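Note sheet for the following structure.
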Amino acid sequence: MIIFQIAATFSLAATAPLAEPPELISRVDATRLIASCVIKRDRPQALLIAGGEPSAPAFEKAARRIGPALAGCLTPQTRSLTIRNNDLRGVFTDMFLKEANGVALERARTLPAVAAQRIVPGKSEAASDAALFGCAVAAKPLEAALLVKATPASNEEATAFRALAPALQQCVPQDAAMHLKPFQVRLLVAAALWGRLATAAGARLNA
């Protein structure tokens, strides 16, 4: 099944991080640097994107409003970079979860687990990915928190993903195909964990 193919990719990334194409590493690093700059320039819109649902009107509206901050954070080296709104959402949540010495991640570790059930595919790829990882993270909040806390492409990240993989397998629609890179998986986990914390708190998080 596709989940185990993703797990194999994670294991490969952890044992041989230099095998990742140099242009991908640059894109990942550039996206994080840009996101950090955007949070400083327009934190309210970044929070709206972090807590939004992909393809929802409110999410799209926040993505448009953050345009000026995003443009102001681009450098000559990154102006040709294509940044997907869903990737930006994941980077924002990854950063918010780690603020204040990771207090949000510590709360996430204690969230109650919810039994995994196969999801119904959404109207878009982004919506389907969000639903899938939302299901898996709800079932394995501790493992999700450990994955986000781990250094990207590390053995700890790969171990946490392998622990999360059975829940993903239980959540994925029958005969579904997924084509995700480790960077995207990490961001989807972070976004789902942020959303789960907001749901548990009964309100939007204000990191």
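The values are calculated or read from the model by the stated rules, or taken from the named source; none is laboratory data. Remember, predicted model here, so these are calculated numbers, not experimental data. Neighbour counts run over all protein chains shown; Cβ positions are idealised from the backbone, glycine included. Accessible surface is based on the protein model in full, side chains and every heavy atom, while ligands, DNA and RNA are left aside. Shrake-Rupley method; radii C 1.70, N 1.55, O 1.52, S 1.80 Å.
List of remarks:
- Shape class of region 76-207 from the Cα gyration tensor (axes a ≥ b ≥ c, square roots of the eigenvalues): rounded, since a/c falls below 1.5.
- The solvent-accessible area of Glu53, taken with every protein chain present and a 1.4 Å probe, is close to 110 Å².
- Cα gyration tensor shape of region 95-134, rounded if a/c is under 1.5, else prolate or oblate by comparing a/b with b/c: oblate
- In this Cβ point-charge picture (+1 for Lys and Arg, -1 for Asp and Glu), region 120-207 has a dipole of about 200 debye about its Cα centre.
- Cα gyration tensor category, rounded, prolate or oblate, for region 46-103 with a/c compared to 1.5: oblate
- Summed over the residues of region 78-193 and divided among them, the accessible surface reaches 45 Å² per residue at a probe radius of 1.4 Å.
- Around Ala63: net Lys/Arg minus Asp/Glu count, Cβ-Cβ under 14 Å: +1
- Placing a label point 7 Å from the Cα of Glu106 along the Cα-to-Cβ line, the residues of region 141-184 whose backbone N sits under 19 Å from it are 141-151.
- Taking all protein chains as shown and a probe of 1.4 angstrom, Glu99 keeps an accessible surface of around 60 Å².
- Once C-alpha pairs closer than 8 Å and six or more residues apart are averaged by separation and normalised to the residue number of region 40-182, the relative contact order reads 21 percent.
- Look at the alpha carbon pairs under 8 Å that are at least 6 residues apart: their mean separation over the length of region 141-200 gives a relative contact order of 41 percent.
- Region 51-163, dipole about Cα centre (Lys/Arg Cβ +1, Asp/Glu Cβ -1), debye to the nearest 20: 220 debye
- For Asp175, the accessible area of its heavy atoms, probed at 1.4 Å with every protein chain present, is near 130 square angstrom.
- Measuring r between the beta carbons of Glu60 and Ala201 and using R0 = 35 Å, the FRET efficiency lands at 0.90.
- Theoretical FRET efficiency, 1/(1+(r/R0)^6), r = Cβ-Cβ of Arg43 and Ser124, R0 35 Å, to 0.05: 0.85
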